[in-house]
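The values are calculated or read from the model by the stated rules, or taken from the named source; none is laboratory data. Here the structure is a predicted model, which is why all the values come from computation and not from measurement. Cβ sites come from the backbone with ideal geometry, for glycine too, and all protein chains shown count toward neighbours. The accessibility values were calculated without ligands, DNA or RNA, using every heavy atom of the protein model including side chains. Shrake-Rupley method; radii C 1.70, N 1.55, O 1.52, S 1.80 Å.
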Amino acid sequence: MIDIQPDISLSNYAEALRKGKVIAFPTETVYGLGADAWNADAVARIFHLKGRPPDNPLIVHVNSIEMAGSLAAEISEDARRLMNRFWPGPLALILPKRPEVLDIVTAGLPTVAIRMPDHPIPLRLIEEAGPIAAPSANTSGRPSPTRVEHVRQDFGAEVPVIEGGSCQYGLESTVLDLSIRPYTILRPGHITQSELEQELHQPVRLISSHSTNFTDLSGNTPRSPGMKYTHYAPDARVRWMQPHELPLPDDLTRSTLYLLHRIRPNSAPYPETDQLIHYRENYTEMGRDLYDRFRMADLNRFAEIAIEPFTDSNEAVEALLNRIRKAIGD
Ligand code: TXA
Ligand code: MG
């Protein structure tokens, strides 16, 4: 965790939250666009600013298990176990909500998503202003912001943003639904299925990246309303590279950004340019960098982004693969 000095301006931001203002702040995953979770007008402003459909609920950010208890109807033993093990950290838990939790926050669902971020800035804000409802700080349909500039690209001067450098993970939190059985990962993230299973001593289901509009057993409503919307897509067309494109020629198509990741022991390394990035199997780095590259591709007017396919999907690339598939519309 990053250490910060007590900062008077953070208190000013907390004060703004208490007064019903919307502000953007860094977390360890992506930047969030936050408002006082108990203030319906303030939360409505988040939806308005993002152009977010009202049926897509928000994650409420807390700084303790106790505060989670003010939102969830009950903190089950399993929920507590996960909170103790993974909080603060990139894990949002979906639990049955208390009746007081605002409908606008949960989009009318009987459940609420809660997470404790592993970042000193939001933790301080929450300490001073209470729970913060916050989606990612991008306008709807744009890639999540992982740097201050990204928030400014989407909101200009309309939203005050607290600077916090580049986000540690660069991909959004794992969203785990504890209100259904088996427990189900609705969005893969840094905390993996096997880590969750190990802690819970039971199988956890992972919703496939392809089932973006799945129905649950009891009805036909999408389990995670956000999943039915196209997400994370830059303007440039994102596509998988075709086998015949490799090895890449010296003179690359100018309008394509190439993202490679596999190491081929017997081939000469590609020279890195603004047009060709090679992550050399460093998937942490690739995850941290992905949304920034998506945005850069648009700024530099690339027509497409060609990404080297993953030969086998394993847990280390699950979240990354999920976001790329969404961007491709796969
Ligand atoms: O890493 C993150 O989680 C970031 C940072 C800012 O904390 N936040 C984030 O929020 O990614 P957002 O709103 O972009 O994504 C939240 C996802 C959406 O897909 C939403 O549909 C789902 O969580 N969600 C929220 N509440 C839910 C609920 N009660 N039931 C099912 N899905 C829910
Ligand atoms: Mg989002």
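Quick look at the values:
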item: Tilt relative to the chain, helix 283-299 - C-alpha long axis, 0 to 90 degrees, to 10; result: 80 degrees
item: Stokes-Einstein diffusion coefficient of the stretch 237-328, Kirkwood radius over Cα pairs, 4 °C, 1.567 mPa s, in µm²/s; result: 95 µm²/s
item: Under-5 Å amide H pairs with residue 257, H placed in peptide plane, nonlocal only; result: 304, 305, 306
item: The chain - Debye-derived log10 I(q)/I(0), Cα point model, q = 0.07, 0.08, 0.11 Å⁻¹; result: -0.28, -0.37, -0.70
item: Accessible surface ranking that places the most exposed of 244, 150 first, with a 1.4 angstrom probe; result: 244, 150
item: Choice from 44, 16, 157 showing the highest fluctuation, given a GNM over the chain with Cα pairs closer than 10 Å; result: 157
item: Of 321, 246, 271, farthest towards positive along the dipole that unit charges on Lys, Arg, Asp, Glu beta carbons give the stretch 237-328; result: 321
item: Residue with peak Gaussian network fluctuation, the chain [Cα springs, cutoff 10 Å], from 111, 273, 174; result: 273
item: Sequence-distant residues sharing a close amide H with residue 92 (under 5 Å, placed H); result: 174, 175, 176
item: Tilt relative to the chain, helix 318-328 - C-alpha long axis, 0 to 90 degrees, to 10; result: 70 degrees
item: Relative contact order [Cα under 8 Å, 6+ residues apart], the chain, whole percent; result: 19 percent
item: Average accessible surface area per residue within the chain, 1.4 Å rolling probe, Å²; result: 45 Å²
item: Helix-derived mean residue ellipticity, 222 nm - over the chain, DSSP H n ≥ 4, -39500 (n - 2.57), to 500; result: -8000 deg cm²/dmol
item: Net dipole in debye of the stretch 8-206 [+1 Lys, Arg Cβ; -1 Asp, Glu Cβ; about Cα centre; nearest 20]; result: 280 debye
item: Nearest-ten-degree value, helix 120-129 long axis tilted from longest Cα axis of the chain; result: 20 degrees
item: Accessible-area composition of the stretch 237-328, carbon plus sulfur, in percent [1.4 Å probe]; result: 49 percent
item: The stretch 66-106: radius of gyration over Cα atoms, expressed as a fraction of 2.2 N^0.38 Å; result: 1.17
item: Highest-first arrangement of 246-258, 125-137, where packing means the average Cβ count within 10 Å; result: 125-137, 246-258
item: Whole-percent carbon and sulfur share, accessible surface of the stretch 8-206, 1.4 Å; result: 49 percent
item: Sorted largest first, extent of the stretch 23-164 alpha carbons per principal axis (Å); result: 43, 29, 26
item: Of 311, 146, 184, the one that fluctuates the most in a GNM where the chain has Cα springs shorter than 10 Å; result: 311
item: Under 5 Å, built H, 5+ apart or other chain: amide partners of residue 111; result: 97
